[in-house]
Amino acid sequence: MTGNETAQGPRHKKDPTRRKVVAVGAGAVAAAGIGGGLALNAFADEPAADAAASGGSAGSCYRLTSETTEGPYYIDADKIRRDITEDKEGIPLTLSLRVIDSESCKPVRNAAVDIWHCDALGIYSGYESLSTGGGSAPTDAPSGTPTGTPTGTPTGAPPSGGTGGGGHEEPTDDERYLRGTWKTDHGGRVTFKTVFPGWYRGRAVHIHTKVHVDGTWTDAGYEGGHTCHTGQFFFAEEAVLASATVEPYSTSTTERTTLTEDTIYDQSGTTGGLLRLAYDRKHIAKGVHASITVGVDPDETHDGTDDAVQPGASASASASS
């Protein structure tokens with residue numbers, strides 16, 4: 001991937017449609033637990049909505065979590081699982097989410113929550129050939145001065161992908177590591193096991209997410225409903241710098257984009273998706289716990305693929321799975 005993920009993907013269909021996913025077993029490798037003292041408790045101030053999320057009263061109690069672009073590498077609910085690590089190397093990460101109605105503070109129960117992110121070197125599963133990633137410089141890099149340089153004024157539309165343009169890309173391979181979907185419990189909570197994401201050109205370290213509501217959980221997975229939130233979670237600079245000292249992150253040759261430079265993060269702290277992080281400051285390799293409360297409007301549709309969102313519209317799959 002090149003440039004910033006400002007591109008918009010294809011529009012979801014607005015008529016009712018079946019959104020079906022395939023349930024799989026939990027045979028993935030479990031992420032290791034967090035060891036040692038947790039010297040760092042919070043980078044982001046999380047409002048008192050945590051305490052109210054189990055009940056709540058009428059009226060505004062929590063700001064809506066920022067909506068963002070879906071990005072080009074979304075694959076619709078391909079794996080129903082909480083442990084999305086598979087065999088990927090990296091710092092163990094436990095991601096604890098609480099989804100609440102931003103008006104009532106009541107938990108959003110039985111929602112389908114998707115998360116997906118790149119690996120420690122900036123590569124997305126399903127799109128390995130398109131991801132720029134980091135890692136060591138290739139040994140077969142071309143040398144010398146290029147010949148046959150084109151002349152004249154280019155014609156036609158600009159290519160997709162890159163800064164300020166492009167859209168959803170169809171998967172190029174069958175890999176699905178670091179992707180998963182699971183349902184929220186009676187308290188609106190859901191927890192995933194994964195690894196700390198790496199970085200790639202033009203973006204700060206982040207995790208993508210979607211929240212789907214009004215669908216039905218079946219033996220096959222999750223069907224129907226609509227997407228009420230599309231967002232991204234972000235990591236404080238201190239934690240990212242600490243991760244960069246640990247292999248394989250330390251082998252990345254990609255220049256890193258900071259939070260203040262990122263064009264997707266809106267600099268609003270928790271509301272913008274900034275995670276609360278806990279880890280051993282001296283031994284981040286032991287693992288990180290990240291948490292956040294996500295305030296959504298279940299009646300809205302925010303699929304992250306266009307600017308025009310319609311209340312209560314139905315969403316369909318945005319990519320083949």
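The values are calculated or read from the model by the stated rules, or taken from the named source; none is laboratory data. Here the structure is a predicted model, which means the values were calculated and not measured. As a convention, Cβ positions derive from the backbone with ideal geometry for all residues, glycine included, and neighbour counts pool all protein chains shown. Remember, those area values only see protein heavy atoms, side chains included, never the ligands or the DNA or RNA. Shrake-Rupley method; radii C 1.70, N 1.55, O 1.52, S 1.80 Å.
Thr94 fulfils the conditions (1) among the hydroxyl-bearing types (Ser, Thr, Tyr); (2) closer than 23 Å to Ala290 by Cα; (3) surrounded by fewer than 21 Cβ atoms within 10 Å (Cβ to Cβ); (4) in contact with an Asp or Glu (Cβ under 9 Å, 6 or more places away or on another chain) except for a single criterion, (4).
Can Asp303 be described as over 14 Å from Pro197 (Cα atoms), of a type in the set (Asp, Glu) and out of contact with any Leu (no Cβ under 8 Å at 6 or more places or on another chain)?
Values: over 14 Å from Pro197 (Cα atoms): yes; of a type in the set (Asp, Glu): yes; out of contact with any Leu (no Cβ under 8 Å at 6 or more places or on another chain): yes.
It is true that Asp303 is over 14 Å from Pro197 (Cα atoms), of a type in the set (Asp, Glu) and out of contact with any Leu (no Cβ under 8 Å at 6 or more places or on another chain).
In segment 229-243, how many residues are assigned to a loop (DSSP other than H, G, I, E, B) and in contact with a His (Cβ under 8 Å, 6 or more places away or on another chain)?
Of all residues in segment 229-243, those assigned to a loop (DSSP other than H, G, I, E, B) come to 235-236.
From what is left, the residues that are in contact with a His (Cβ under 8 Å, 6 or more places away or on another chain) are 235.
Of the residues in segment 229-243, 1 are assigned to a loop (DSSP other than H, G, I, E, B) and in contact with a His (Cβ under 8 Å, 6 or more places away or on another chain).
With the structure loaded, tell me whether Arg109 is at pLDDT 95 or above and part of a loop (DSSP other than H, G, I, E, B) or whether it fails that test. Answer is yes for this residue.
Every test in (1) farther than 23 Å from Tyr127 by Cα; (2) open to solvent by 10 Å² or more (accessible area, probe 1.4 Å); (3) assigned to a strand (DSSP E or B); (4) in contact (Cβ under 8 Å) with a residue 12 or more places away in the chain is passed by Val246 save one, and that test is (3).
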